[in-house]
Amino acid sequence: MNADYPGAIVVEAANYGYFSGNRPLAWCLHTPEEPADDDPQTPYYFHNTNRDASTTYFVSYWGFVFQCVPESEGAYANAVEGKPYPDWADSTRNLNLQTLSVEIEGFAASIHQTMPRGSPQWKALVELMAHRCKALNIPPERTFGHYEVSIYRSDPGQLNTQQVIADVITKMEKDMVTDAQFEALQAQVNEIQRTAYTQAGVDVYAAGLRQEIIDAVAPLQAQIDALETAQRAVGLKRGDSVQLT
Ligand SMILES: [Zn+2]
């Protein structure tokens, strides 16, 4: 499979997908209950497991993003269990076919401590969500914790989901290019192109000049060669004095 999020490390999950494809409308956040450290295990667990368990994305403690399931397919991540469907969702459709899931390396009990706001992991999560919200037209406000749709789950614990959403919105606004910025960028592009054409013109002109010099020098060189040949024939070397009679 290919990554939907540019630069994501692809470790494809063994098990995912339904009879119909995913139409992502929201984000479900999880903690996979593995230590927040420099050893991301969950993507490889999903790659090797026989269980019906997977995730769309995984964000490691150091901020590396893994993609395990294509966005167009449902991950086995967050089906509704014993709770009502979210307001925006279609309750006749599996929630895994209406969401993207993110496993955030760490534990539900301590993710609010191991992923402080501004940490590499926090930033990677915000950047991932902002990028894909834009690409897929997902409102960032439609982000919820797994525990909100399953009576059996507590993840992602005390993660401040509202702060994540606020930071995603800010990130998306920052990424928006205003008309003035666009015009400034366009002017820069025009200038670069103009310079490139000018440079190309100079190169062509310089090549022409070089050829002109070569053409001009060629007959002179022939005369020099002839002179040297004549000098050798009479045994003269450069610098010898010649007695003219
Ligand atoms: Zn979960």
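Structure summary
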read-out: Rg and Dmax of the chain, Cα atoms only, in Å; value: 33.8, 124
read-out: Gap separating the Cα centres of the range 98-138 and the range 44-78, nearest whole Å; value: 13 Å
read-out: Over the range 36-122 - Rg/Rh using Cα atoms and the Kirkwood inverse-distance radius; value: 1.00
read-out: For the range 38-54, Karplus couplings with θ = phi - 60° (6.51, -1.76, 1.60), whole Hz, Gly/Pro x; value: 8, 10, x, 9, 4, x, 6, 4, 5, 5, 9, 6, 8, 6, 7, 8, 6
read-out: Extended-chain gain in nm, criterion 0.36 nm per residue less alpha-carbon gap, LEU227 and SER20; value: 65.6 nm
read-out: Stretch gain in nm, segment SER110-THR195, where the contour uses 0.36 nm per residue and the Cα spacing is subtracted; value: 25.1 nm
read-out: Long-range lysine pairs (8 or more apart or interchain), the chain, Cα under 27 Å; value: 5
read-out: MRE, 222 nm, helices only [DSSP H, n ≥ 4, -39500 (n - 2.57), over the chain, to nearest 500]; value: -13500 deg cm²/dmol
read-out: Degrees between helix 120-136 axis and first principal axis of the chain (Cα, 0 to 90, nearest 10); value: 90 degrees
read-out: Options THR178, VAL202, ALA222, ranked by Cα towards positive dipole end of the range 177-236, top entry (Cβ charges); value: ALA222
read-out: Rg/Rg_globular for the range 183-243, with Rg_globular taken as 2.2 N^0.38 Å and Rg from C-alpha atoms; value: 2.34
read-out: Surrounding net charge for ASP4, when Lys and Arg each add one and Asp and Glu each subtract one, Cβ distance under 15 Å; value: -1
read-out: Kirkwood Rh in Å, taken over all unlike Cα pairs in the range 101-245; value: 22.9 Å
read-out: Among 110-119, 60-69, the order from most to least packed when residues are scored by Cβ within 10 Å on average; value: 60-69, 110-119
read-out: Charge tally in the Cβ shell below 15 Å around ALA79, where Lys, Arg are +1 and Asp, Glu are -1, ALA79 excluded; value: -2
read-out: Binned Cα-Cα distances of the range 69-186, short to long, each 5 Å bin given as a whole percent; value: 2, 10, 18, 21, 20, 14, 6, 4, 3, 1, 0
read-out: The chain - charge dipole about Cα centre, Lys and Arg +1 at Cβ, Asp and Glu -1, debye rounded to 20; value: 360 debye
read-out: 13 Å beta-carbon shell around GLY118, net charge (K/R +1, D/E -1); value: +1
read-out: Cβ-based exposure ranking for SER20, SER241, in which fewest neighbours within 10 Å come first; value: SER241, SER20
read-out: Estimated inter-spin distance, GLN188 and SER91, nm [label 7 Å along Cα→Cβ]; value: 5.1 nm
read-out: For the range 43-133, size of Cβ-based charge dipole, Lys and Arg +1, Asp and Glu -1, in debye; value: 200 debye
read-out: Residue among ALA53, ALA200, ALA79 with the largest mean-square fluctuation in a Gaussian network model of the chain, springs linking Cα atoms under 10 Å; value: ALA200
read-out: Nearest-0.05 FRET efficiency for ASP203 and ARG117, computed from C-beta distance (R0 51 Å); value: 0.45
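Each value in this text was obtained by applying a stated rule to the coordinates, not by laboratory testing. Given the structure is predicted, the values throughout are model-derived calculations rather than measurements. Ideal geometry is used to build each Cβ from the backbone, glycine not excepted, and the neighbour counts take in all protein chains shown.
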